[in-house]
Amino acid sequence: MKILLVICDGMGDRPSKHFKGKTALQATKHKNLDELAKNGSAGIMDTIAPGIRPGSDTAHLALLGHDPYKVYTGRGPFEATGIGMDLREGDVAVRCNFGTVKNGTIVDRRAGREAFGLDELGKALNIKIGDTEMLFKHAVGHRGALIIRGTGLSDKIGDTDPHEEGKQIKTSVALEPEAKKTAEALNEYIKKAQEILSNHPMNKEREKRGFPLANAILTRGPGLAPKIEKFEKKYGIKGGCVTATGAIAGVMKYCGLDTKLVEGRGLASDLDMKAGMALDMLKEKDFCLLHIKGCDDYSHDGNAQAKAKMIVKIDAMIGRLVKKAPKDLIIAVTADHSTPLEFKNHTSDPVPLAICGQTMRRDNTKRYDEIECAGGAIGRIKGQDLIKILLDLAGKTQLFGA
Ligand code: ZN
Ligand code: ZN
């Protein structure tokens, strides 16, 4: 038996004034999600722990059975792997922006959010500072990632991004004595990068087209490449992932899942295409995580109507997916965290969970939402336990003891 884990990013909610005190899930019709809950069992889940507000990255680490408090080193490393950079143990990865600097002052932290020419400009930023390699790659929009590779590096360094316009680029400070070399290399690099970018023909081209110069790099969120046991080694099976989010792709790749980063998030995205890819992956693999972005973005914006529509869209996709799926597939649908419309950010409220499959007990749950699922037979579990439960239902676990 194989496992499909569907993660609807930020789907969980709190009572909302937009829905007369109900959650978005409670207020919308979603018969296919309900059907999963009816034909299987439901529960609620603290993806990290009760009272802990998860980031999407830390939540996904937990959902793959890792303790995020032990393995998470910051977002930089996952951003870098998410855009296809080869991150190795000992590397320090940093998130970057292209910015516009005039007379030493940052006038635009995002270079007008204009990506024109940034791929090429990024390629010019792969240089060496002493014996330390600086590997840069443009991501999307004004963003990029930098890998600092060498001996004796530390991620305990300060940001060079002042996070405010009208200021100068900050000098990165060593936050521990062992970080002196890394901070110095980064500061030297930031200076060299300004020279390289200012003299690059691509910036002349940007100027011609009326775009702000991309003549500086701003860095934030450094993190050491984490030590994470790969999926196949940890569980003895192969796994895959389909997602449209770079940072999630980074987490999944780093955890050893064969990850397809696809286009499109939210209401405009082609969910059937993503579901089809997930089912295709399951022909060769025993596990696939299908990550669906949309609810989270709309919740951050406080856009209740769009969130409700997204839930209906997910429901329709689930309906078609279940029809196409092999009969012995175990399907679990949940979220990585709640993102309440009223709060516009992630909260610790447990997320609804339904698991359906031939080996799964059937409880009395009739509807898929935060409250109905809370009364289900699974009860309240932690995110780290979910994958173990799914593997056992699929007959892929070892007996403990005799
Ligand atoms: Zn999330
Ligand atoms: Zn979010």
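The values are calculated or read from the model by the stated rules, or taken from the named source; none is laboratory data. These numbers come from a predicted model, not from an experiment. Cβ: placed from backbone, ideal geometry, glycine included. Neighbour counts: every protein chain shown. Note: accessible area is taken over every heavy atom of the protein model, side chains too, but ligands, DNA and RNA are not part of it. Shrake-Rupley method; radii C 1.70, N 1.55, O 1.52, S 1.80 Å.
Does any residue of segment 307-321 turn out to be more than 16 Å from ligand 1 (Cβ to nearest atom) and not in a helix (DSSP H, G or I)?
No: zero hits.
Within segment 79-100, is even one residue out of contact with any Ser or Thr (no Cβ under 9 Å at 6 or more places or on another chain), among the hydrophobic types (A, V, I, L, M, F, W, C), over 26 Å from C241 (Cα atoms) and open to solvent by less than 20 Å² (accessible area, probe 1.4 Å)?
Yes, segment 79-100 contains a residue that is out of contact with any Ser or Thr (no Cβ under 9 Å at 6 or more places or on another chain), among the hydrophobic types (A, V, I, L, M, F, W, C), over 26 Å from C241 (Cα atoms) and open to solvent by less than 20 Å² (accessible area, probe 1.4 Å).
Take the residues of segment 277-309 that are acidic (D, E) and away from ligand 2 (no atom under 13 Å from the Cβ): which is nearest to L4 (Cα to Cα)?
The selected residue is D286.
List the number of the failed condition for P50; all other conditions in (1) in a helix (DSSP H, G or I); (2) under 24 Å from S348 (Cβ atoms) hold.
(1)
Please determine, by comparing only the residues of segment 55-96 that are free of Cβ contacts under 8 Å to residues at least 24 places away in the same chain and within 16 Å of ligand 1 (Cβ to nearest atom), which one is nearest to the chain's Cα centre (by Cα).
T58
Among the candidates K238, K227, K156, K180, single out the residue that is open to solvent by 60 Å² or more (accessible area, probe 1.4 Å) and free of Cβ contacts under 8 Å to residues at least 12 places away in the same chain.
Being open to solvent by 60 Å² or more (accessible area, probe 1.4 Å) and free of Cβ contacts under 8 Å to residues at least 12 places away in the same chain holds for just one of K238, K227, K156, K180, which is K180.
Please work out if H18 is part of a loop (DSSP other than H, G, I, E, B) and either on the phi > 0 side of the Ramachandran plot or away from ligand 2 (no atom under 16 Å from the Cβ) (or both).
Here the answer is no, as H18 does not meet what is asked.
So, in segment 129-141, exactly how many residues are modelled with pLDDT of 95 or more and in contact with a strand residue (DSSP E or B) (Cβ under 7 Å, 6 or more places away or on another chain)?
7
Run K38 past the list (1) in a helix (DSSP H, G or I); (2) of a type outside the set (G, A, S); (3) open to solvent by less than 10 Å² (accessible area, probe 1.4 Å); (4) more than 27 Å from L224 (Cα to Cα) and report the number of the one that doesn't hold.
(3)
Can you give me the number of residues within segment 196-224 that are more than 30 Å from the chain's Cα centre (by Cα) and either among the small types (G, A, S) or open to solvent by 80 Å² or more (accessible area, probe 1.4 Å) (or both)?
The total comes to 8.
What strands (runs of 3 or more DSSP E) completely inside segment 196-267 contain at least 3 residues that are touching a His at 6+ places or on another chain (Cβ under 9 Å) and within 14 Å of G82 (Cα to Cα)?
Where strands (runs of 3 or more DSSP E) fall fully within segment 196-267 and carry at least 3 residues being touching a His at 6+ places or on another chain (Cβ under 9 Å) and within 14 Å of G82 (Cα to Cα), they are 239-243.
Give me the pairs, please: first residue somewhere in segment 378-402 and within 20 Å of K233 (Cβ to Cβ) and polar (S, T, N, Q), second residue anywhere and open to solvent by 20 Å² or more (accessible area, probe 1.4 Å) and modelled with pLDDT of 95 or more, beta-carbon distance under 8 Å, and either six or more positions apart or on two chains.
From segment 378-402, the pairs are Q384/D67; T397/K388.
Can you tell me which residue among K344, K327 is open to solvent by 10 Å² or more (accessible area, probe 1.4 Å) and away from ligand 2 (no atom under 16 Å from the Cβ)?
K327
Within segment 109-134, which residues are open to solvent by 10 Å² or more (accessible area, probe 1.4 Å) and closer than 17 Å to D159 by Cβ?
Across segment 109-134, the qualifying residues are R109, R110.
Name the single residue that is nearest to ligand 1 (Cβ to nearest atom) among those in segment 334-377 being touching a helix residue (DSSP H, G or I) at 6+ places or on another chain (Cβ under 6 Å) and β-branched (V, I, T).
T339
Counting only residues that are free of Cβ contacts under 8 Å to residues at least 12 places away in the same chain and either of a type in the set (D, E) or closer than 22 Å to G166 by Cβ (or both), how many does segment 194-209 have?
Summing the residues that are free of Cβ contacts under 8 Å to residues at least 12 places away in the same chain and either of a type in the set (D, E) or closer than 22 Å to G166 by Cβ (or both) in segment 194-209 gives 2.
Taking segment 159-177 as the search range and keeping residues that are under 24 Å from the mean Cα position of the chain (by Cα) and either at pLDDT below 95 or surrounded by fewer than 22 Cβ atoms within 10 Å (Cβ to Cβ) (or both), which one is farthest from V92 (Cα to Cα)?
H163
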